[in-house]
Amino acid sequence: MPDIIHLLPDSVANQIAAGEVVQRPASAVKELMENSMDAGADFIQLIVKDSGKSLIKVIDNGKGMSETDARMAFERHATSKIKTAEDIFAIHTKGFRGEALASIAAVAQVELKTRQEGQDLGTCLRVEGSKVLSQEFCNTSPGTQIEVKNLFFNIPARRNFLKSNNVELRHIIDEFERVALAHPSVHFSFVHNNSELFDLPMAQLRQRIVNVFGGKFNEKLVPVEEKTPILELSGFIGKPQFAKKTRGEQFFFANNRFIKNAYLHKAVCNAFEGLISENTHPSYFLYLKLDPAKIDVNIHPTKTEIKFEDEKAIYTIIRTAVKHSLGQFNIAPSLDFETDQQFAMPTPPKGIQVNPPGILVDPTFNPFNDPKEKKGGGFTDKSHPASHSLSSQKANQDWESVLNSLPEIETESGIQQSSGIESGQDNIKNFIQIGKKYILTNHGEGMIVIHQQRAHERILFDKLYASVENNNIPSQQLLFPQNITFAAPDFQVMQSLMPVLRELGFDIDEFGKNEVVINGIPLYLEAGELQTVLEKLIEKEKDFADNGPQEHYKMIAATMARVSAVKPGISMSREEMQALTDELFATQSPYVS
């Protein structure tokens, strides 16, 4: 029987390795930018076309490579970072596995230009599908310039599995942000389809965070600082009032390498316990500096997951440091145990003179009189038992008036006629608003309690969705157009949302860099809620699974309805409650929010 086990050709082995390292265009962006960081660059420019499917280009001013190094860089397991197995546990650099360029070149058309400082000419190398097409001298700037064209050109099945351009661009932005936040002392630039998305000059960490996520982020940040023999912790956390319902700005860095760690994430969330609601997530930018020998970064091809030698101690340090920062900057609520709250008097407004309390006596009071027979309007001392009896009687009368205002209620003994409805008028409804949150009304032969916000959400959702299906979207023009500015990643999401928003009644256009102008909005939306609606839509869009246009319309309509609906705490007139109830029962699903 012939032998059946044989060595794989290098081209096939490289494609298999590429499946681990290069999952999408964002993976190639990460590897190339990390190589530029390891080369000591202080300026890195990323140029992308068609969300990385057509072109990924990274230009840096690092130390460059010699002619031999340029050729060796595309060989498998070729690296300058490690020489022995012990070096794996003393790594301070990013790329060290020696597979990035070999894997990328196996599934793309790559052109590399590089020159070392002091050399007259550089090297130009062209590789396609692991095959070196040419290598020659060229005139280029000091540093390295690498172009990756037509990713997965030789693996059509992998290319077909890529998502839409908007989704792939969001992944690239995520990787760019992670590298940029890890190195605030480096100038980064990001251009997509000839449009500059980011220009991040060298800055302190706080300024870098603000430059990435927008100017409004500055007020949300609280510094964290802790030094222990195990690790040095620094960075920022977001204030509790700015916690989001979706996971947004959450970053851990270990020795300036972005990592994901659910256990450490739990440490931060536990520190926020009691300060944020159960379904919200805090923002954080936490940097861990520790001995490389105490961690293992070589457990995953993408190097975003690492193992800690003493994970429990690190958990405790992070949780304690975050709690300390929340308390130190008066973010956490504090209790004053020195003051007796029973005797705490509010401070009177400035300029208002407080009159001393007087003693009022009812000269007609007779303790032997029955309170029910009391006539006249003498002063009543609430501390006296008789006044308690009067208060109780008044409360009973109030409840009686509430019950009498209700419609006819059938009991075992027959029909009980309420004072508010004439006999024979079964179609007349009466309404009571409870706690400015619920509406109590008669329904059929009984009563029904309606949550006013959820009822309004159902009504608005049905109207918005029906308008899309019928291509009849009522819209209103704004007297004063509104300009809204977004962070660069959010603006990319907004660009993808604009066509759908226009179908839902928005008159919206791009206006300058990362800014939109809104001239008209759907009829059911209030202008004051516009920014809140768009921010909620962006959050939902980031996590939306693309299941077709109808599901997309439903998601957007539901988000707009939730923001625009009448909130608890709003007092409603009888006419408003009547209209809300009538519209609710005209919907297809009046019993489901």
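The values are calculated or read from the model by the stated rules, or taken from the named source; none is laboratory data. Since the model is a prediction, treat every value here as computed from it, not as a measurement. A quick note on method: Cβ atoms are made from the backbone with ideal geometry, for glycine too, and the neighbour counts reach across all protein chains shown. These accessible areas exclude ligands, DNA and RNA; they are computed on the full protein's heavy atoms, side chains included. Shrake-Rupley method; radii C 1.70, N 1.55, O 1.52, S 1.80 Å.
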Return yes when HIS451 is at pLDDT 75 or above, within 17 Å of GLU575 (Cβ to Cβ) and under 34 Å from the mean Cα position of the chain (by Cα) and no when it is not. no
Taking the range 437-474 and keeping only residues that are surrounded by fewer than 17 Cβ atoms within 10 Å (Cβ to Cβ) and among the small types (Gly, Ala, Ser), one is left with GLY444, GLY446, ALA466
Within the range 486-527, restricting to residues that are touching a residue at least 40 places away in the same chain (Cβ under 8 Å) and part of a strand (DSSP E or B), the one that is surrounded by the most Cβ atoms within 10 Å (Cβ to Cβ) is ILE521
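Give GLY122, GLY129, GLY98 a once-over and let me know the one that is at pLDDT below 95 and surrounded by 22 or more Cβ atoms within 10 Å (Cβ to Cβ).
Numbers: GLY129 fails: surrounded by 22 or more Cβ atoms within 10 Å (Cβ to Cβ); GLY98 fails: surrounded by 22 or more Cβ atoms within 10 Å (Cβ to Cβ).
Result: GLY122 is the single residue among GLY122, GLY129, GLY98 that is at pLDDT below 95 and surrounded by 22 or more Cβ atoms within 10 Å (Cβ to Cβ).
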Note on the range 62-82: residues modelled with pLDDT of 75 or more, in a loop (DSSP other than H, G, I, E, B) and closer than 14 Å to LEU112 by Cβ are GLY62, GLY64, MET65, SER66, ALA73, PHE74, GLU75
The condition from (1) in a helix (DSSP H, G or I); (2) exposed (fewer than 13 other Cβ atoms within 10 Å of the Cβ) that GLN477 misses is numbered (1)
Sole miss for THR347 among (1) modelled with pLDDT of 75 or more; (2) more than 26 Å from ARG178 (Cβ to Cβ); (3) open to solvent by 60 Å² or more (accessible area, probe 1.4 Å); (4) not in a helix (DSSP H, G or I) is condition (1)
When restricted to VAL167, VAL212, VAL179, the only residue closer than 18 Å to ILE47 by Cβ and either in a helix (DSSP H, G or I) or touching a strand residue (DSSP E or B) at 6+ places or on another chain (Cβ under 6 Å) (or both) is VAL179
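Go through the residues of the range 264-280 one by one and say whether even a single one is open to solvent by 50 Å² or more (accessible area, probe 1.4 Å), in a strand (DSSP E or B) and out of contact with any Lys or Arg (no Cβ under 6 Å at 6 or more places or on another chain).
Scanning the range 264-280, I find at least one residue that is open to solvent by 50 Å² or more (accessible area, probe 1.4 Å), in a strand (DSSP E or B) and out of contact with any Lys or Arg (no Cβ under 6 Å at 6 or more places or on another chain), so the answer is yes.
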Taking the range 106-152 and keeping residues touching a Lys or Arg at 6+ places or on another chain (Cβ under 9 Å) and of a type in the set (Ser, Thr, Tyr) leaves THR123, SER134, THR140, SER141, THR144
Within the range 215-232, residues closer than 12 Å to LYS289 by Cα and part of a strand (DSSP E or B) come out as GLU225, GLU226, LYS227, GLU232
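Would a scan of the range 43-51 turn up a residue that is outside any strand (DSSP E or B), among the hydroxyl-bearing types (Ser, Thr, Tyr) and at pLDDT below 80? Spell out how you get there, then give the answer.
To start, the set of residues in the range 43-51 that are outside any strand (DSSP E or B) comprises 50-51.
With the extra rule that they be among the hydroxyl-bearing types (Ser, Thr, Tyr), the set shrinks to 51.
From what's left, at pLDDT below 80: none.
Within the range 43-51 (the criterion being outside any strand (DSSP E or B), among the hydroxyl-bearing types (Ser, Thr, Tyr) and at pLDDT below 80), the answer is no, since none of the residues qualifies.
Among ILE237, ILE230, which is the only one that is in contact with an Asp or Glu (Cβ under 7 Å, 6 or more places away or on another chain), surrounded by 14 or more Cβ atoms within 10 Å (Cβ to Cβ), of a type outside the set (S, T, N, Q) and under 22 Å from THR316 (Cβ atoms)? Before you say what the answer is, go through the steps one by one.
Working: ILE237 fails: in contact with an Asp or Glu (Cβ under 7 Å, 6 or more places away or on another chain).
None of the other options fit; the residue is ILE230.
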Q) Does PHE253 fit the bill of being surrounded by 16 or more Cβ atoms within 10 Å (Cβ to Cβ) and either touching a strand residue (DSSP E or B) at 6+ places or on another chain (Cβ under 6 Å) or closer than 15 Å to ARG319 by Cα (or both)? A) yes
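If we keep just the residues of the range 107-118 that are in a loop (DSSP other than H, G, I, E, B) and in contact (Cβ under 8 Å) with a residue 40 or more places away in the chain, which is most open to solvent (accessible area, probe 1.4 Å)? If you could, list the steps in order and put the result at the bottom.
Applying the first criterion (in a loop (DSSP other than H, G, I, E, B)) to the range 107-118 yields 107-108, 116-118.
Among the residues that remain, those that are also in contact (Cβ under 8 Å) with a residue 40 or more places away in the chain are: 107-108, 116-117.
On the way: VAL107: 0, ALA108: 0, GLN116: 62, GLU117: 151 Å².
Among those that are in a loop (DSSP other than H, G, I, E, B) and in contact (Cβ under 8 Å) with a residue 40 or more places away in the chain, it is GLU117.
Does VAL297 qualify as being open to solvent by 80 Å² or more (accessible area, probe 1.4 Å), on the phi < 0 side of the Ramachandran plot, modelled with pLDDT under 80 and of a type in the set (Val, Ile, Thr)?
Numbers: open to solvent by 80 Å² or more (accessible area, probe 1.4 Å): no; on the phi < 0 side of the Ramachandran plot: yes; modelled with pLDDT under 80: yes; of a type in the set (Val, Ile, Thr): yes.
Judged against the criteria, VAL297 is not a match.
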Check: Taking the stated definitions as given, is LEU169 under 26 Å from the mean Cα position of the chain (by Cα) and either in contact (Cβ under 8 Å) with a residue 24 or more places away in the chain or open to solvent by less than 60 Å² (accessible area, probe 1.4 Å) (or both)?
Finding: yes
